[in-house]
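See below for the structure under consideration.
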Amino acid sequence: MGKRRLARETVLQALYLTDTSTMGAGEAFLVAGGGDLDEDTAQFTRSLLDGALAHRKELDLGIQATAENWEVGRMASVDRSLLRLAAFELLFCPDTPISVIIDEAVEIAKKYSSEDSSKFINGILGKLKDRRPGSS
């Protein structure tokens, strides 16, 4: 597994923990395995985790606006966490290609959620990508 995929999976797990428990970002990072990562991967992981948490409300609004007939709060916690991660990358990490972000999110969804979830996530991110600054 590539280092960036490992980082994204670690972020997913940490976001899930912060969403479903009282853990803060630092504790969730460690419980998800962030302490076992090499320095560069850990730094990338923390930047994604901290960014997704810092922009959570904004990300949820964007996800909600594109997820027709789905409230963010009613989505499965894994799907919600993965959408927050991918939405953060789409909107705030312009150096990462859109196709990479979406492909990674779909593959991670297949691993941690379900085939239907991967289609759901692909559909939402396909719409959300148009909100990326400079994508018009």
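Provide a single number: the residues in segment 95-104 that are without any contact (Cβ under 8 Å) to a residue 40 or more places away in the chain and assigned to a helix (DSSP H, G or I).
In the first step, residues of segment 95-104 are kept if they are without any contact (Cβ under 8 Å) to a residue 40 or more places away in the chain; the result is 95-103.
If we keep only those that are assigned to a helix (DSSP H, G or I) as well, we get 98-103.
Qualifying residue count, segment 95-104: 6.
Is it fair to say GLY35 is modelled with pLDDT under 95 and over 26 Å from LYS119 (Cβ atoms)?
Values: modelled with pLDDT under 95: yes; over 26 Å from LYS119 (Cβ atoms): yes.
The answer is yes for GLY35.
For segment 66-75, how many residues are surrounded by fewer than 13 Cβ atoms within 10 Å (Cβ to Cβ) and either on the phi < 0 side of the Ramachandran plot or in contact with a Leu (Cβ under 8 Å, 6 or more places away or on another chain) (or both)?
First pass over segment 66-75, keeping only residues surrounded by fewer than 13 Cβ atoms within 10 Å (Cβ to Cβ): 68-69, 71, 73-74.
When the remaining residues are screened for being either on the phi < 0 side of the Ramachandran plot or in contact with a Leu (Cβ under 8 Å, 6 or more places away or on another chain) (or both), the result is 68, 71, 73-74.
Looking only at that region, the number is 4.
Determine if segment 19-37 includes at least one residue that is touching a residue at least 12 places away in the same chain (Cβ under 8 Å), in contact with a helix residue (DSSP H, G or I) (Cβ under 7 Å, 6 or more places away or on another chain) and under 25 Å from LYS129 (Cα atoms). Checking segment 19-37: at least one residue is touching a residue at least 12 places away in the same chain (Cβ under 8 Å), in contact with a helix residue (DSSP H, G or I) (Cβ under 7 Å, 6 or more places away or on another chain) and under 25 Å from LYS129 (Cα atoms).
Checking the conditions here, which among ALA76, ALA67 is under 15 Å from LEU12 (Cβ atoms) and in contact (Cβ under 8 Å) with a residue 40 or more places away in the chain? Full working, then the answer.
On the way: ALA67 fails: under 15 Å from LEU12 (Cβ atoms).
One residue alone meets the criteria, ALA76.
Taking the conditions exactly as written (within 23 Å of LYS3 (Cα to Cα) and part of a helix (DSSP H, G or I)), does SER117 satisfy them or not?
Working: within 23 Å of LYS3 (Cα to Cα): no; part of a helix (DSSP H, G or I): yes.
For SER117, the condition - within 23 Å of LYS3 (Cα to Cα) and part of a helix (DSSP H, G or I) - is not met.
Test of understanding: among ARG84, ARG46, which residue is modelled with pLDDT of 95 or more, closer than 28 Å to ASP130 by Cβ, among the charged types (D, E, K, R) and crowded, with 19+ Cβ neighbours inside 10 Å?
Testing whether each residue is modelled with pLDDT of 95 or more, closer than 28 Å to ASP130 by Cβ, among the charged types (D, E, K, R) and crowded, with 19+ Cβ neighbours inside 10 Å leaves just ARG84.
Screening LEU61 with (1) under 24 Å from SER118 (Cα atoms); (2) crowded, with 21+ Cβ neighbours inside 10 Å gives one miss only, at (2).
Hey, any hits in segment 106-113 for a residue that's out of contact with any helix residue (DSSP H, G or I) (no Cβ under 7 Å at 6 or more places or on another chain) and under 17 Å from ARG8 (Cβ atoms)? The answer is yes; a qualifying residue exists. Any chance segment 87-94 includes a residue that's surrounded by fewer than 21 Cβ atoms within 10 Å (Cβ to Cβ), outside any helix (DSSP H, G or I) and either modelled with pLDDT of 95 or more or of a type outside the set (Ser, Thr, Tyr) (or both)? Looking for residues that are surrounded by fewer than 21 Cβ atoms within 10 Å (Cβ to Cβ), outside any helix (DSSP H, G or I) and either modelled with pLDDT of 95 or more or of a type outside the set (Ser, Thr, Tyr) (or both), one finds at least one in segment 87-94, hence yes. Scanning segment 106-136 for residues that are in contact (Cβ under 8 Å) with a residue 24 or more places away in the chain and aliphatic (A, V, I, L, M) turns up ILE108, ALA109, ILE121, ILE124, LEU125, LEU128.
The values are calculated or read from the model by the stated rules, or taken from the named source; none is laboratory data. Please read all numbers here as calculations on a predicted model, not as lab measurements. As a convention, Cβ positions derive from the backbone with ideal geometry for all residues, glycine included, and neighbour counts pool all protein chains shown.
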